[in-house]
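For reference, the structure is listed below as structure tokens.
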Amino acid sequence: MTTKSKNDAPEPSNKLSWLHLLQSVFAAALGVQSAKNRERDFKGGSPGVFIIAGLAFAALFVGSLVLLVQWVVAH
């Protein structure tokens with residue numbers, strides 16, 4: 001049985017960066033995602049973070065559509 005000593009190098013974190021999170025949310029919104037990125041998301045991402053990012057994206061998308069329609073109707 002092996003144990004870790006204090007001198008062992010820390011394991012690399014599987015946590016997703018903000019850029020990867022945004023890429024995944026945009027890919028999900030468009031319905032395209034590579035298998036490699038999907039695996040990365042499932043291994044390193046928290047479901048709560050993806051839910052919050054997805055809801056924020058949806059709110060921004062709907063809000064921008066509402067503003068665009070109001071602008072077009074006004075002109």
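The values are calculated or read from the model by the stated rules, or taken from the named source; none is laboratory data. Since the structure is predicted, the reported quantities are computational estimates derived from the model, not experimental observations. Heads up, the Cβs are rebuilt from the backbone with ideal geometry, glycines too, and the neighbour counts pull from every protein chain shown.
Say we look at the range 27-48 and pick out the residues that are surrounded by 14 or more Cβ atoms within 10 Å (Cβ to Cβ) and under 10 Å from the mean Cα position of the chain (by Cα); which of these is modelled with the lowest pLDDT? Among those that are surrounded by 14 or more Cβ atoms within 10 Å (Cβ to Cβ) and under 10 Å from the mean Cα position of the chain (by Cα), it is GLY45.
Whenever a residue of the range 55-75 is in contact (Cβ under 8 Å) with a residue 24 or more places away in the chain and of a type outside the set (A, V, I, L, M), its partners that are surrounded by 10 or more Cβ atoms within 10 Å (Cβ to Cβ) and part of a helix (DSSP H, G or I), lying with C-beta atoms within less than 9 angstrom and at least six residues away or across chains, give the pairs PHE57/LEU22; PHE57/VAL25; PHE57/PHE26; PHE57/ALA28; PHE57/ALA29; PHE61/ALA29.
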